[in-house]
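None of the figures in this text is laboratory data; all of them are computed from the coordinates on show. Note that the coordinates shown come from a computational prediction; the quantities given were computed from them, not determined experimentally. Here the Cβ is made from the backbone with ideal geometry for all residues, glycine too, and neighbour counts use every protein chain on show.
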Amino acid sequence: MNETLLNELNEGQRAAVEYCDGPQLVIAGAGSGKTRVLTYKIAYLLERGMNPWNILALTFTNKAAREMKERIGRLVGQERAQRLQMGTFHSVFARILRSEAENIGFNSNFTIYDQSDSRSLVKNIIKEMGLDDKTYKPASVADRISMAKNHLLLPQQYAVSSWAKGDADAKRPMVTHIYNRYAERCRQANAMDFDDLLVHTFVLLRDHEDIRQKYVERFQYVLVDEYQDTNFAQQEIVLLLTRERGHVCVVGDDAQSIYSFRGANIDNILNFQKMYDGSKLYKLEQNYRSTQLIVQAANSLIRKNERQIHKDVFSKNEEGERLTLKPAYSDKEEAMIVCNDIKRLRRQEQAEYSDFAILYRTNAQSRSFEEQMRKDGIPYRIYGGLSFYQRKEIKDVIAYFRLVANPDDEEALRRIINYPARGIGDTTIGKIVETANLHRVSLWTVIQQPMVFDLKLAKGTQTKIDAFKSMIEGWAAEMANEDAYVLGHSIIMQSGISKDIYSSNNPEDLSRQENLEEFLGGMQDFVESRREEGREDEVLLTDFLQEVALLTDLDSDTDADQPKVSLMTIHAAKGLEFPTVFVVGLEENIFPSPMCINTMRELEEERRLLYVAITRAEKHCILTCAQNRFRYGRMEFDTPSRFIKDFDPRLLRVEGGKADIVGKQSSSFGSSGSFGSPARSGISGYSGGMRRNVQNPRPVATQFVADAKPRLVPIRHEAPRPQSAIGNIGLQEGNVIEHQRFGIGTVIKVEGSGENTKATVEFKNAGIKQLLLKFAKYTIVK
DNA sequence: CACGTCACTGTTTTT
DNA sequence: CAGTGACGTG
């Protein structure tokens, strides 16, 4: 088995897979089979006898983890693969923090604040402190706090650090106090933000040697994917887990480090070898993805960067064609050019719509393409942007859930205490907040015992609050008995949300109704899936919330519909590949982003971003730029991006004879490669809760079915199972089934008997699943 | 306290 | 052009 496995790798990959005795850095050029090395390495470790639960693999997205698990499962069997410890830093450590919560003064039901919760809390604090929100812009302050946490600077340390000095110089001396208050408020609310998941993990492991030992013991081998995009906190956590044994393998490509705005530090990968004594470096340089000319063009671009680990990425695929730059007069024309190319290539090369991706720097750029594609009848799917879970009606519902699970959750409480309107207004909330702050307790504590905290309210108001309080308490009491779907349904009905949303039929409300039903359907799926997987005891509202908090819509990708053109930001395209890639909006003021042109470091990151975009392409890579663009509600003039001159002009064809756009050789600040350059610093699991149509933030014309009278999905009290009870008799290997949600799949294995019969099924689109037949809803096709 | 209107402002990427 | 906040009215 070992041999077969290794034979499918090239020499460099194989060497990287086989070395397991010490710290290891794998620099994997774009398209060089990075994921392949990781999956085979894990399979190799398993084959050598390591237990799957002793292997920790940290990925950048949940989706990547899921896919990798799946691929490993094909190599070594699904049962073993399922027991691997695999996920994002955030999801893996959130789980650990829940089980260790008491050790750091939290309750295991803690809420995870998303970015908008954080910002809103920061904003409230700024207001309460009487600071001017022009000097203290909530978003920037929140970002700064986030950045501090990524560097493991706790409030006390922050206060005496160079950061606080910097704030003082910038006439914002109070940031440190805001940070301090923010941390206290999170604690009172039994809440952690995304960054806290890392900070608290670090503190937990640092301050509790016994606990650290426990996890060192558990995670005998640690692998980190996309290491170039880890931040200081993540680096330190990995170090705490691996420093003795040194069984750590990090994989990444410094040329693809594009998340510094999130605290990612390219030095992590550049300095890995200094951090771990005796570490070995492996380089993967053969690109299997793209044609030669695409690889060469990408190389010519990235050469202009100063800070990088040298490598020679090459391709032995066909030579292919040069990059093409297609200048347009306007953003509108840009969209037309792209759509026409899609139609043309589809005809010429019998390509599917799913073979195309349109990549842009900012989400806002998707608009003109959407419009054009709708006009042309081209099916498309937008990734990212305003996700399903960020929509108002969904966030409202989730806020109720959150409050029921964790009544101390301040942001959830503020959000819904008066939604739907129940006569508890700003004045009242202000009083509650004031009292809570005075006594350093949560808002809920005050509401529960108004006398104790001397909260004075009008009688009428007090009655309303009491009603609200008992409503929440009522649900909380049911939380352990009812599954998430049943409880969620009654919350939506009883809270008045459904009444509010279903009271009118204007188009906006109609779409809110659909979203709500979608969401409820997703909860139902969640509960049923877990039952089918034999996890009957993990179907509660708290389980659902934990799932949902860290889910992004990139994760819910399983819809098997027709092929569609993909539209997304370049950041979201990391790790993906497409036969044809359009990189659009190559203009100054967009790409590089005007926010990122002040330092060499920033500019180099923008250039890496373009590098990432280009290297997503397998066969065709087409760049576009527009001369005029509709922005801020007016037409604006743009010039072509400076990066265009960075390409070797022999590798870039400009359409329409505007050859002057490309450079003869490197020029100007930022594109200086070997010439004198300006001063620089240094050297320089469950597969997707919402499985349906959770995408496009703006309605897509085609998909709105005229459902005469949309109404809340009627509740089912007892999961009906006759269908499957009949169905599973005689189900055996090789059968093809059609599952209610997963679609068509082939039965690979049937085990157990009677009540507990379990089948392993490989679905065409949903991957491999284990189903408890008692609950599964399917019919046998063959 | 709720709701409507008006003016302003700010625009990057996301676990 | 949106999304937000301030302000006034019912």
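Counted by neighbouring Cβ atoms within 10 Å, the residues A:Arg48, A:Arg381, A:Arg535 run from fewest to most as A:Arg48, A:Arg535, A:Arg381. When a/c is below 1.5 the answer is rounded, else prolate if a/b is larger than b/c, else oblate, so apply that to the stretch A:43-182 with a ≥ b ≥ c taken from the square roots of the Cα gyration tensor eigenvalues. Prolate shape, in that a/c is at least 1.5 and a/b is the bigger ratio. When the Cα gyration tensor is reduced to axis lengths a ≥ b ≥ c, the ratio a/c is 1.5 or higher for the stretch A:250-306, and with a/b not above b/c it is classed as oblate. Panel order for A:Ile27, A:Ile309, by other beta carbons found within 10 Å of each beta carbon, from fewest to most: A:Ile309, A:Ile27.
Amide H to amide H, with H built 1.01 Å from N, A:Arg653 comes under 5 Å of A:Leu323, A:Thr324, A:Leu325, counting only residues 5 or more places away or on other chains. Here is how the number arises for chain A: DSSP H runs of 4 or more residues each give -39500 (n - 2.57), the sum is divided by the residue count, and the result at 222 nm is -13000 deg cm²/dmol.
Computed from the C-beta positions of A:Lys343 and A:Glu319 and an R0 of 35 Å, the FRET efficiency is 0.85 to the nearest 0.05.
Residues whose amide H comes within less than 5 Å of that of A:Gln627, counting only those at least five positions distant or on another chain, are A:Ala328, A:Tyr329, A:Ser330 (H built at 1.01 Å from N in the peptide plane). Short to long, the 10 Å bins of the Cα pair-distance histogram for the stretch A:191-255 hold 20, 50, 27, 3 percent of all pairs.
Positive end of the dipole of chain A (Cβ unit charges, origin at the Cα centre): among A:Ile501, A:Gln188, A:Leu359, the Cα lying farthest that way belongs to A:Leu359.
Built from the Cα atoms of the stretch A:159-281, the convex hull projects on average onto 9.4 nm², one quarter of its surface area. Checking every one of the trypsin sites (Lys or Arg not before Pro) in the stretch A:115-168 against DSSP loop status and a limit of 14 other Cβ atoms within 10 Å picks out A:Lys134.
A cut-off under 13 angstrom between Cβ atoms defines the neighbours of A:Glu636, and their net charge, with Lys, Arg +1 and Asp, Glu -1, is -1. Expressed in units of 2.2 N^0.38 Å, where N is the residue count, the Cα radius of gyration of the stretch A:1-116 is 1.23. Please work out whether chain A counts as rounded, prolate or oblate from its C-alpha gyration tensor, where a ≥ b ≥ c are the square roots of the eigenvalues and a/c under 1.5 means rounded, while otherwise a/b larger than b/c means prolate and anything else oblate? It is rounded, given that a/c, with a ≥ b ≥ c, falls under 1.5. Each residue of the stretch A:592-605 was assigned a 3J(HN,Hα) from its phi angle through the Karplus curve 6.51 cos²θ - 1.76 cosθ + 1.60 (θ = phi - 60°); the sequence is x, 5, x, 6, 10, 10, 8, 10, 4, 4, 5, 5, 5, 5 Hz, with glycine and proline shown as x. Residues whose amide H falls under 5 Å from that of A:Ala191, counting only those 5 or more places apart or on a different chain, are A:Thr111, with hydrogens built in the peptide plane. Going from the fewest other Cβ atoms within 10 Å to the most, the residues A:Cys625, A:Cys339 appear in the order A:Cys339, A:Cys625. A dipole drawn for chain A from +1 and -1 charges on Cβ atoms has a positive end, and of A:Val313, A:His208, A:Gly585 the residue lying farthest that way is A:Gly585.
Shown in residue order for the stretch A:396-405 are the 3J(HN,Hα) couplings computed by the Karplus curve 6.51 cos²θ - 1.76 cosθ + 1.60 at θ = phi - 60°: 4, 4, 5, 4, 4, 4, 4, 5, 5, 6 Hz (x for Gly and Pro).
Cα centroids of the stretch A:304-361 and the stretch A:558-624: 10 Å apart. Applied to the stretch A:14-22, the Karplus parametrisation 6.51 cos²θ - 1.76 cosθ + 1.60 on θ = phi - 60° returns per-residue 3J(HN,Hα) values of 4, 4, 5, 5, 6, 7, 10, 9, x Hz, with x for Gly and Pro.
Each 5 Å bin from zero up to the one holding the largest Cα-Cα distance in the stretch A:575-620 carries the following percent of pairs: 5, 23, 25, 20, 15, 9, 3. Comparing Cα centroids, the stretch A:76-93 and the stretch A:450-501 end up 37 angstrom apart.
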